[in-house]
Protein chains: 6
Amino acid sequence: MSDKQKSGLVVTAHPGDFVWRAGGAIALHAKMGYRMKIVCFSFGERGESQGAWKQPGMTMEQCKAGRRAEAEAAAAILGAEIEFFDSGDYPLNFTDGMMDRLIDIYREVNPSFVLTHAVRDPYNVDHPKASAIAQEARIVAQAAGHKPGPSGVTYTAPQVFQFEPHQPEQCDFKPNRILNITEVWDTKWKAFQELPAQRHLWDYYERVALNRGMQGGRNSGKAMKYGEAYQTIFPDAVEVLA
Amino acid sequence: MSDKQKSGLVVTAHPGDFVWRAGGAIALHAKMGYRMKIVCFSFGERGESQGAWKQPGMTMEQCKAGRRAEAEAAAAILGAEIEFFDSGDYPLNFTDGMMDRLIDIYREVNPSFVLTHAVRDPYNVDHPKASAIAQEARIVAQAAGHKPGPSGVTYTAPQVFQFEPHQPEQCDFKPNRILNITEVWDTKWKAFQELPAQRHLWDYYERVALNRGMQGGRNSGKAMKYGEAYQTIFPDAVEVLA
Amino acid sequence: MSDKQKSGLVVTAHPGDFVWRAGGAIALHAKMGYRMKIVCFSFGERGESQGAWKQPGMTMEQCKAGRRAEAEAAAAILGAEIEFFDSGDYPLNFTDGMMDRLIDIYREVNPSFVLTHAVRDPYNVDHPKASAIAQEARIVAQAAGHKPGPSGVTYTAPQVFQFEPHQPEQCDFKPNRILNITEVWDTKWKAFQELPAQRHLWDYYERVALNRGMQGGRNSGKAMKYGEAYQTIFPDAVEVLA
Amino acid sequence: MSDKQKSGLVVTAHPGDFVWRAGGAIALHAKMGYRMKIVCFSFGERGESQGAWKQPGMTMEQCKAGRRAEAEAAAAILGAEIEFFDSGDYPLNFTDGMMDRLIDIYREVNPSFVLTHAVRDPYNVDHPKASAIAQEARIVAQAAGHKPGPSGVTYTAPQVFQFEPHQPEQCDFKPNRILNITEVWDTKWKAFQELPAQRHLWDYYERVALNRGMQGGRNSGKAMKYGEAYQTIFPDAVEVLA
Amino acid sequence: MSDKQKSGLVVTAHPGDFVWRAGGAIALHAKMGYRMKIVCFSFGERGESQGAWKQPGMTMEQCKAGRRAEAEAAAAILGAEIEFFDSGDYPLNFTDGMMDRLIDIYREVNPSFVLTHAVRDPYNVDHPKASAIAQEARIVAQAAGHKPGPSGVTYTAPQVFQFEPHQPEQCDFKPNRILNITEVWDTKWKAFQELPAQRHLWDYYERVALNRGMQGGRNSGKAMKYGEAYQTIFPDAVEVLA
Amino acid sequence: MSDKQKSGLVVTAHPGDFVWRAGGAIALHAKMGYRMKIVCFSFGERGESQGAWKQPGMTMEQCKAGRRAEAEAAAAILGAEIEFFDSGDYPLNFTDGMMDRLIDIYREVNPSFVLTHAVRDPYNVDHPKASAIAQEARIVAQAAGHKPGPSGVTYTAPQVFQFEPHQPEQCDFKPNRILNITEVWDTKWKAFQELPAQRHLWDYYERVALNRGMQGGRNSGKAMKYGEAYQTIFPDAVEVLA
């Protein structure tokens, strides 16, 4: 694997999710040369576009187009590809065809890690569902009998990192990794600016990053200015402890 | 820190614990050049010497001497220093003086990681107590007002890895690291042979190592023959995800 | 909000549920002037009508009509409106149309609180499903893009109170509110009498109410004769602690 | 019930599951005269037939036929009936008709116990789904209004025993029963031999059985050579404690 | 073991505990011929004698004597021996000598089961402490090096059954056994009458017994009038599942 | 109770704790007329005075005096009484005499609520110990036989609110109350300024307050600027749900 480009996959329900919760990891790994791919199921058009719907005459297509443009701009800033499934939101209407496509993406990208939602979130039905879908596709991509072919499948199921939900304790989120995103903070902040309708969240997530950074420093004894918190699902196989 | 020798600290209640549960990690890091230091509170003389007490005329001093000799031989094979506190077992009678010494050891060794018992174990009162002591000393060693001196304290509190208890699920043990100990398995097995009275456990823990190895391979997609399972207590501050 | 009538919404899978588990809360808030509305998904016709099915010649329609009559009578005694979805039971066959209607109800009633089943119940598949549906509708009702209209949406997602399942510990139910229902106990008991086929449960739930009452008194230091236990899902935003 | 033949039901997603995880319980109770019936939802044709798909020209039908033959041979050795639902795997495509059949089987077999998958398994989406289906059918079989008939229903919902998943701690599996399978170990081992493509798992599960056996002995003070671990879902009603 | 009298040990902090929470199990096993021994650490003289302290001129010795007399009478009715440690209560002041005596009792009684408090109880500091002591003594009694003697130790550590706390959910109590105490209910009720100062608890615990009985019946499909709920700590090694 | 002054009790291990974690609640209830009393076990002289120990020639007495002065000034700003136990820190050396005094304080203050540390904190041994002590004293204060007197005891054990630890998820802290402290934020911020050595924490805890405030607003639908998070231990007995 050493001479291949490494990659990471991000699976989210709505556009804002990958910016607020995983923008640092995306920018950081992109900067390190990873291929970063975001799969964004919906445009957040019904449930996460309160601003848009206050505009007179707004239509669903306009709303979706607006959110898509923002998300594409943010992904570009972070250095990632983005693919939309247009699944609808609140709730996600995830079809068999979308699952089939997502499995193909897992095999094609063959990521070193997946970033997705926490498995529980009582505030948002789309988040745990997207997390479950990300995990199901990750598993089915391993099945030798799924689209068996002459070349065989070289895919390996990667570690899953749950990113931080809005109210972490209520989602039983208990981070076991704090990623140092200091060197890409400016990029993450720049990506925020593509989401002008959620201006109040810019500051909220800057505070989250600063406080996670201070926690990261407390856990390691080495200062960290900005951090992002993650929780893995599987044990890591390691060659050294620390 | 890069030009300093790295080190690891192992804190156990009884001699067998560091052999069965952490022998691979000790041997592996010793081989990598880490200074490995074991603090063993008791000789397991009351609660873990069933064989000895079947011998007619056995005394407490004889029993302790025998267990000490075994443990020293096993530690030597694994490549570690060992220090006994002679705290007694079943239960541990841990004094303030022992705590003071343990704190000094933390500061002196300044380890990159600590290995100790799981925080719960309904089968053994000494194990969770030893774990709690290891954690208390780790914390107090940070206190600037504990033995303040001219040079200041450069100690940083390390990550704590709980090693695998005998019946892991009953201890709420959920491993999040599987360490590949394949290259030091022979050393671990050789250390087993210093504990002849527990011959039946040699095979038990070989099976544990083989099964943890297979699990390690399943989690990473890369074969692992022998493994040791660990569970961390704190988040890791990291610079890359995977 | 002060000059508007307050309201509460109850979402249950079967008719008996709102009587045994939430009858006190319904009667109490109705008495205080709240508009209380019950949405009852099924008539419990398949899974909770053992008595009916012992009668020779019983048909599904007869069974449903009987359970509906009982439930309407009980709701009337408690002072609540009731709406049936006729979803079927064991399992619930909940359609998109029903979800749409439930979301409308949330917006129309705009309740201060929702009462529904616990999120887990290994004895009954309909209960956790009804709870999940109640929560999904509560969330989607917030979505500005769901049926956007000229007047905007004034709905606020309310706190969710899980009511007590039949075997609470097995459902991981851990109450954090005990509601004093002493002053409406007679009304709750009267509602029991509309469910003559479950005579044995009258006494069971009287004992539950008496024991929860004694627990309520122990927790507050103020005597409580009859109580109902609830567990909230979300934090409460408060202006004073106690 | 004393003069009736007792019975047990096993509900699994794939063929290997009942061999590795429950083969001892099946053989033991069969030997004691219980009617043992296995319901196997799929042939594991997509997700658990890596070996088959390495053979050139393999087709889905061939793969299924091969896995069926193996499973039938293994079931015969264990002394059990087996019924396949051909639901597909990765994921299970479980239809209403299959649920109807499974409910009938519960009523017909009227088992003293059910063996099925753990309720959680992050490695395999089919396992928790099969467990949930087994539990739903167990519950609906109690419903008097489900296929009501002249003779009434005499079925009683049995205890559910979750069998051991591949990586038990990751599935939150905490065994509370260790079944002594020593006297049928040879039979279980013989059944393994019907699964030649998974030769490496023979040894893995022999190690599991030996280690569970030693744990069983530690918990009871009575030696046990081979054991199988189970976790119940419901309390047991008992006439004596121990 | 078949020709030896079986025995059970009950370890409680205060006198009322064994009556309300375990009186049925004590009476039932005594009736079956088990030697039943109760160790009661304190007389509940400070924390559970509110009635006594309302009497003018009450002294500690009077209070203790009164509680002792009640407890001895209740134990006699239940068919059990009772031994008091006079440890004090609120909090227990448990000495090394008491621990030594308790370990001797474990070895002498060699019980098939131990009944004690739940491991957590936020309402009462003595209960979890008594539970922890009961478990520590149970473990140390296994240590070959504790009072080693010519005859060796034949003691086997028994299963621990936690009995039901006053507010079970708040103590994370999740019963996995419901013992049918119907045939000794009259005896348990008669024992209640030796505790006249707690008249209000007679009815409370009668309701608990009736409701646990109904739950027992629901879990087994076999009617149970009065039940007592227990939660085990260790897995059971078994020869048959159900 | 209506014509009596209400009161609240705060029990902390070190001086900073009541400022960062509970300063808003203290100031708010003081402003509402509650008597607010802080019991601060230590001066944080060993473990939480890193700044002081960097000063040449610092002595323990100087350090304690400095921290006492800061804490008294902060308490005065918040509107609270403060009493120090001088128990030492890292670890707390809590004597029987201190427990006796704390029980007296519970009876004398008879608080409506207690604020103290979370029951778990792997970063700090003093915090969970202080929490356990606060709970033990709260319980013993109820014991009629503890210092029985002519007038009887009118004390009622209050609800316990755990305040927010530094790394909440690692302490299994799951808030169920968010207190609106907006109107006293200025006071809390002013109290911060009495702790100049921890300047970096001022901003950290301002960010915590702003983010908890936003979460409070999300949970209630009513804007909240600054919040403090709490988790209760006991159920609340209530007369209305919402």
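The values are calculated or read from the model by the stated rules, or taken from the named source; none is laboratory data. Predicted model only: the values in this text are computed from it and were never measured. Note that we place each Cβ from the backbone using ideal geometry, even for glycine, and neighbour counts take in every protein chain shown. Note: accessible area is taken over every heavy atom of the protein model, side chains too, but ligands, DNA and RNA are not part of it. Shrake-Rupley method; radii C 1.70, N 1.55, O 1.52, S 1.80 Å.
What to note about this one:
- Relative to the other identical copies, A:E81 shows label-point distances of 5.3, 5.3, 5.4, 7.0, 7.8 nm, where the label point lies 7 Å from Cα along the Cβ direction and values run shortest first.
- Within region C:7-232, DSSP assigns beta bridges of which about 30% are antiparallel (rounded to the nearest 5).
- 7 Å along Cα→Cβ, label-point gaps from E:K147 to other copies, nm, shortest first: 4.0, 4.0, 6.3, 7.1, 7.6
- In region E:85-222, Cα pairs under 8 Å separated by at least six residues give a relative contact order of 22 percent.
- Taking a ≥ b ≥ c as the square roots of the eigenvalues of the Cα gyration tensor, the protein assembly as shown is classed as rounded, since a/c falls below 1.5.
- Percentage relative contact order, region D:142-223, counting C-alpha pairs under 8 Å, at least six apart: 19 percent
- Copies compared at A:R101 - label distances in nm, ascending, label defined 7 Å from Cα in the Cβ direction: 3.4, 3.4, 6.7, 7.0, 7.6
- Here the accessible area is traced with a 1.4 Å probe on the protein chains. For region B:7-232, carbon and sulfur cover 50 percent of it.
- Sparse-neighbour loop sites [trypsin sites (Lys or Arg not before Pro); region B:1-65; at most 13 other C-beta within 10 Å; DSSP]: B:K4, B:K54
- Ranking F:A132, F:M99, F:F85 by how far each Cα lies toward the positive end of the dipole of region F:71-142 (charges on Cβ) leaves F:A132 at the top.
- The dipole here belongs to the protein assembly as shown: it is taken about the Cα centre, uses +1 on the Cβ of Lys and Arg and -1 on the Cβ of Asp and Glu, and is about 0 debye.
- 222 nm mean residue ellipticity, helices alone, for the protein assembly as shown (DSSP H n ≥ 4; -39,500 (n - 2.57); rounded to 500): -13000 deg cm²/dmol
- Computed over chain B: relative contact order in percent, which uses C-alpha pairs under 8 Å that are six or more apart: 22 percent
- DSSP-defined antiparallel bridges as percent of all bridges, the protein assembly as shown, nearest 5: 25 percent
- Region D:7-232 shape via C-alpha gyration tensor axes, a/c threshold 1.5: oblate
- Inter-part distance where region C:185-225 and region E:124-170 are each reduced to a Cα centre, Å: 38 Å
- Segment D:A73-D:T59, extension gain: residue separation times 0.36 nm, minus the distance between their alpha carbons: 2.9 nm
- Residue of chain C with the Cβ closest to the rotation axis carrying C onto F, and that distance rounded to whole Å: C:N176, 3.
- Averaged over peptide F:225-238, the number of partner chain Cβ atoms lying within 10 Å of each residue's Cβ comes to 6.
- Region F:7-232, dipole about Cα centre (Lys/Arg Cβ +1, Asp/Glu Cβ -1), debye to the nearest 20: 640 debye
- The lysines whose alpha-carbon is closer than 29 Å to the alpha-carbon of E:K54, local same-chain residues fewer than 8 away aside, are C:K222, C:K225, E:K64, E:K129, E:K188, E:K190, F:K4, F:K6, F:K147.
- Euclidean distance between Cα centres, region B:1-54 to region D:1-80, Å: 45 Å
- Taken per residue, the accessible surface of chain F reaches 36 Å², heavy atoms only and a 1.4 Å probe.
- Most positive-pole-ward Cα, F:A27, F:V160, F:L241, against dipole of chain F from beta carbon charges: F:L241
- Cross-link partners of D:K174 among lysines, defined as those whose alpha carbon lies under 16 angstrom from its own and excluding same-chain residues fewer than eight positions apart: B:K174, E:K174.
- For the peptide B:167-175, the mean number of other protein chain Cβ atoms found within 10 angstrom of a residue's Cβ is 6.
- Partner chain coverage, peptide B:212-220 - average Cβ within 10 angstrom: 6
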